[in-house]
Amino acid sequence: MEDYYRDKGSKVKRMYIDKKSPIPVYYQLKKIITDKISSGVYAVESLIPSERELSEILNISRMTVRQALSQLVTDGVLYREKGKGTFVSKPKFEQRNIMSFSDIAKEKGLVPSTTVLSFYKSFPDQSIAVMLGIRSDESIYTIKRLRLANNMPIGIEEVFIPERYCPNLENFDLSASLYKLLKENFHHSINYVDNSIEAAKPSKEEKELLCISSSTPVLNVTSIYFMESELKLLYEKSIYRSDEYIYNVRVYGSKNME
């Protein structure tokens, strides 16, 4: 049975279930729903048709519909509210690789912006010196920034960079992309990043800066950025809103695992 709808350009599109296809029916339904979300037919936070309605529209079993919707809920594309139905989730920022906050925001069609909370040069405490692999009498820059998308606060980032890698950093615009600044002005390329991620309760300052309540957990991410020379370029401590940000990590198995 065919399902007609209009996309953002007001053109009629046809979506249907091909029961002769080798592609499972539930997977076809997932594709139909995600296409409607992408085209704006199903808007963010909007209620989608019920299991019964989708079953009747596409002439497929409710069990198949339930399987497709359950997987989309697990994937974070949809969410359910008891007694109300299934809704389209608000897309979250997803960090998958070495990609700047600005690029992630732009990829989602959002306007990134940055507020520099503090910037100063000093000598590192022992823990920071160890993280960066430098002496405690070697000066570093400390940059603390609030990252926003469409003026919504998403994260707080505190970066520690040895001065010798970025001399006269105070002369540059620190509200722009730091990745771009490091590459274009100081010719540093990031080879890989070691991350540590844990859930935490927000502090008073974090609640105020991120505009969240005590009940909203945050992601506490610490990262060491390595250059191709294996030198540690910078150490970063970040706090992100868990309701707006996902940190995606791919873990590889050892070739020797049995």
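Which of (1) hydroxyl-bearing (Ser, Thr, Tyr); (2) in a loop (DSSP other than H, G, I, E, B); (3) at pLDDT 90 or above does Ser21 not meet, given it meets every other one?
Looking at each condition in turn, Ser21 falls short on (3).
Listed here are the residues, each with its yes/no results for (1) within 21 Å of the chain's Cα centre (by Cα); (2) closer than 17 Å to Lys144 by Cα; (3) modelled with pLDDT under 90; (4) among the polar types (S, T, N, Q).
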{"site": "Lys183", "(1), (2), (3), (4)": "no, no, no, no"}
{"site": "Ile190", "(1), (2), (3), (4)": "yes, no, yes, no"}
{"site": "Glu198", "(1), (2), (3), (4)": "yes, no, no, no"}
{"site": "Lys207", "(1), (2), (3), (4)": "yes, yes, no, no"}
{"site": "Ile212", "(1), (2), (3), (4)": "yes, no, no, no"}
{"site": "Thr216", "(1), (2), (3), (4)": "yes, no, yes, yes"}
{"site": "Ser229", "(1), (2), (3), (4)": "no, no, yes, yes"}
{"site": "Tyr240", "(1), (2), (3), (4)": "yes, yes, no, no"}
{"site": "Tyr247", "(1), (2), (3), (4)": "yes, no, yes, no"}
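Consider the range 16-38. How many of its residues are touching a residue at least 24 places away in the same chain (Cβ under 8 Å) and under 17 Å from Leu72 (Cα atoms)?
Result for the range 16-38: 10.
If you take the residues of the range 40-55 that are at pLDDT 90 or above and more than 7 Å from Val88 (Cβ to Cβ), which of them is nearest to the chain's Cα centre (by Cα)? Reasoning before the result, please.
Here is the first cut: in the range 40-55, the ones at pLDDT 90 or above are 46-55.
Filter again for more than 7 Å from Val88 (Cβ to Cβ), leaving 47, 49-55.
Numbers: Leu47: 24, Pro49: 28, Ser50: 29, Glu51: 30, Arg52: 33, Glu53: 33, Leu54: 31, Ser55: 33 Å.
Among those that are at pLDDT 90 or above and more than 7 Å from Val88 (Cβ to Cβ), it is Leu47.
Would you confirm whether or not the range 174-187 contains a residue that is outside any strand (DSSP E or B), under 24 Å from Tyr240 (Cα atoms), touching a His at 6+ places or on another chain (Cβ under 6 Å) and aliphatic (A, V, I, L, M)?
Yes, the range 174-187 contains at least one residue that is outside any strand (DSSP E or B), under 24 Å from Tyr240 (Cα atoms), touching a His at 6+ places or on another chain (Cβ under 6 Å) and aliphatic (A, V, I, L, M).
Quick one: how many residues across the range 127-165 are loosely packed, with under 15 Cβ neighbours inside 10 Å and among the basic types (Lys, Arg)? Quick ask: steps written out before the conclusion?
Within the range 127-165, the subset loosely packed, with under 15 Cβ neighbours inside 10 Å is 127, 130, 133, 135-139, 150-152, 164.
Now drop any that are not among the basic types (Lys, Arg), which leaves 135, 164.
Number of matching residues: 2.
Taking Leu146 as the residue in question, decide whether it is in the same structural domain as Pro217 (by TED's automatic domain parsing), hydrophobic (A, V, I, L, M, F, W, C) and out of contact with any helix residue (DSSP H, G or I) (no Cβ under 7 Å at 6 or more places or on another chain).
Values: in the same structural domain as Pro217 (by TED's automatic domain parsing): yes; hydrophobic (A, V, I, L, M, F, W, C): yes; out of contact with any helix residue (DSSP H, G or I) (no Cβ under 7 Å at 6 or more places or on another chain): no.
No, not satisfied.
Find the residue count for the range 142-180, including only residues that are without any contact (Cβ under 8 Å) to a residue 60 or more places away in the chain and out of contact with any Leu (no Cβ under 8 Å at 6 or more places or on another chain).
Of the residues in the range 142-180, 10 are without any contact (Cβ under 8 Å) to a residue 60 or more places away in the chain and out of contact with any Leu (no Cβ under 8 Å at 6 or more places or on another chain).
Would you check if Tyr179 is aromatic (Phe, Trp, Tyr), at pLDDT below 95 and either over 20 Å from Lys90 (Cβ atoms) or in contact with a helix residue (DSSP H, G or I) (Cβ under 7 Å, 6 or more places away or on another chain) (or both)? Break it down stepwise before answering.
Numbers: aromatic (Phe, Trp, Tyr): yes; at pLDDT below 95: yes; either over 20 Å from Lys90 (Cβ atoms) or in contact with a helix residue (DSSP H, G or I) (Cβ under 7 Å, 6 or more places away or on another chain) (or both): yes.
In short, yes.
Working only within the range 31-47, note down all residues that are β-branched (Val, Ile, Thr) and either under 13 Å from Ala68 (Cα atoms) or in a helix (DSSP H, G or I) (or both). Spell out the reasoning first.
Step one: filter the range 31-47 for residues β-branched (Val, Ile, Thr), giving 32-34, 37, 41, 44.
Ile32, Ile33, Thr34, Ile37, listed by residue number.
Going by the conditions given, is Val130 closer than 30 Å to Glu230 by Cβ and of a type in the set (A, V, I, L, M, F, W, C)?
Numbers: closer than 30 Å to Glu230 by Cβ: yes; of a type in the set (A, V, I, L, M, F, W, C): yes.
When the stated conditions are applied, Val130 passes them.
The values are calculated or read from the model by the stated rules, or taken from the named source; none is laboratory data. Treat the numbers as computed from the prediction; the structure is a model and nothing was measured. Glycine also receives a Cβ, built like all others from the backbone with ideal geometry; neighbour counts cover every protein chain displayed.
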